[in-house]
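Visitor: Pasting a structure here, questions to come.
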Amino acid sequence: MTTTSALVLFSGGQDSAACLGWALQRFDQVETIGFAYRQRHSVELQCRSVFLAKLRDGFPDWAAKLGDDYLLDLGVLGEVSETALTREQEIGFAESGLPSTFVPGRNLVFLTFAGAVAYRRGLGALVGGMCETDFSGYPDCRRDTINAVSNALTLGLDRPTPIETPLMYLDKAQTWELADKLGGSKLVDLIVEDTHTCYLGDRKHRHAWGYGCGACPACDLRARGWEKWRAGR
Ligand code: ZN
């Protein structure tokens, strides 16, 4: 096992794209994993292959480190989830106080499968775009949860399984700033054009910050982060 290698959970969204750039700058060998779980915005899965192809073309130094990509079918997660992300439901707040887009167990399952693939591939760390500062407050995005999963995987796989979360304490404006620092306007442009955030899967409406309906919570967060970052430059 090399300690300078990583498996990045890359969904095709803005956050995990920034994480991928972060990992490519930090590690010698980087592979990527994504999950199909019957998400309403499954268009993100098409975005991720386009993004990866363009990243290889535009960033030769990173391309030399970027290895295989894995797309796992976790349709069973969509089958057991009654959420606004996996069903045609209105996006709002559930009785629990959490957004109806919260998919229970999602990151726990994703990280476990990522741990299994990293084990097989001999990759050192997992890297994910989980973030505590999102207003959504998903409990499986908190650092405490991530630490617990990392401990469970380290014990259950009998090998160190650190989980890096470079965006954990950044807001969306700082995530744009990070992308700019890592790959300049070329990376920012690629993230704008070829990542997907909108919960409704809208790729028809193009804004300064990328594609989306412009109204769902994910679009709102991405748009506000973009505007704050642009205003502060
Ligand atoms: Zn949207």
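Every number in this text was worked out from the coordinates using simple rules, so none of it is lab data. None of these values were measured; they are calculated from a predicted model. Note that each Cβ is placed from the backbone with ideal geometry, even for glycine, and that neighbours are counted across all protein chains shown.
Visitor: Highest GNM mean-square fluctuation, the chain, Cα pairs closer than 10 Å: which of 19, 198, 216?
Guide: With Cα springs under 10 Å in the chain, the top fluctuation among 19, 198, 216 is at 216.
Visitor: Within the chain, what's the longest stretch lacking chymotrypsin sites (Phe, Trp or Tyr not before Pro) that sit in DSSP loops with no more than 12 other Cβ atoms inside 10 Å?
Guide: Working: sites that count: 135, 169.
The answer is 1-134.
Visitor: Can I ask one more? Give the residue list of GluC sites (Glu not before Pro) in the range 1-102 that are DSSP loop and have at most 16 other beta-carbon atoms within 10 angstrom.
Guide: Counting only loop positions with at most 16 other Cβ atoms within 10 Å, the GluC sites (Glu not before Pro) in the range 1-102 are 82, 88, 90, 95.
Visitor: For the chain, what's the relative contact order in percent, using C-alpha pairs closer than 8 Å and at least 6 residues apart?
Guide: Computed value for the chain: 23 percent relative contact order.
Visitor: On to the next question. Run the Debye formula on the Cα coordinates of the range 2-231, all scatterers equal and no solvent, and tell me log10 I(q)/I(0) at q = 0.07, 0.08, 0.16, 0.17 1/Å.
Guide: Values, matching the q order: -0.20, -0.26, -1.16, -1.33.
Visitor: Right, next: As an exercise, use a Förster radius of 22 Å and the Cβ-Cβ distance of residue 228 and residue 169 to find the FRET efficiency, rounded to the nearest 0.05.
Guide: Here the calculated transfer efficiency is 0.90.
Visitor: Hey, another quick one. Find how much the distance from residue 93 to residue 185 grows on full extension, using 0.36 nm per residue of separation minus their present alpha carbon separation; answer in nm with one decimal.
Guide: Result: 29.5 nm gained on full extension.
Visitor: Could you check which residue among 222, 120, 143 shows the biggest mean-square fluctuation in a GNM of the chain with a 10 Å Cα cutoff?
Guide: Looking only at 222, 120, 143, the biggest GNM fluctuation is shown by 120.
Visitor: How far is the Cα center of the range 11-27 from the Cα center of the range 102-174, in Å?
Guide: The two parts, judged by their Cα centres, are 14 Å apart.
Visitor: On to the next question. Just in the range 115-189: which GluC sites (Glu not before Pro) are loop by DSSP and have at most 13 other Cβ atoms within 10 Å?
Guide: Counting only loop positions with at most 13 other Cβ atoms within 10 Å, none of the GluC sites (Glu not before Pro) in the range 115-189 qualifies.
Visitor: For the chain, set up a Gaussian network in which alpha carbons nearer than 10 Å are linked by springs, and say which option among 118, 18, 53 fluctuates the most.
Guide: Greatest mean-square fluctuation among the candidates belongs to 53.
Visitor: Below 25 Å, Cα to Cα, which lysines can residue 181 reach? Residues fewer than 8 away in the same chain don't count.
Guide: 54, 65, 172, 228
Visitor: Next question, about the same structure. Using +1 at the Cβ of each Lys and Arg and -1 at the Cβ of each Asp and Glu in the chain, identify which of 17, 145, 64 lies farthest towards the dipole's positive end.
Guide: Checked the options; the winner is 64.
Visitor: Quote the charge dipole size of the range 93-212 about the Cα centre in Debye, to the nearest 20; the model charges only the Cβ of Lys and Arg (+1) and of Asp and Glu (-1).
Guide: Here the size comes out at about 360 debye.
Visitor: Calculated from DSSP H runs of 4 or more alone, at -39500 (n - 2.57) each and per residue, what is the 222 nm mean residue ellipticity of the chain, nearest 500? Intermediate results must be reported in sequence, preceding the final value.
Guide: Numbers: 8 runs with 108 residues, N = 233.
So the helix-based figure for the chain works out to -15000 deg cm²/dmol.
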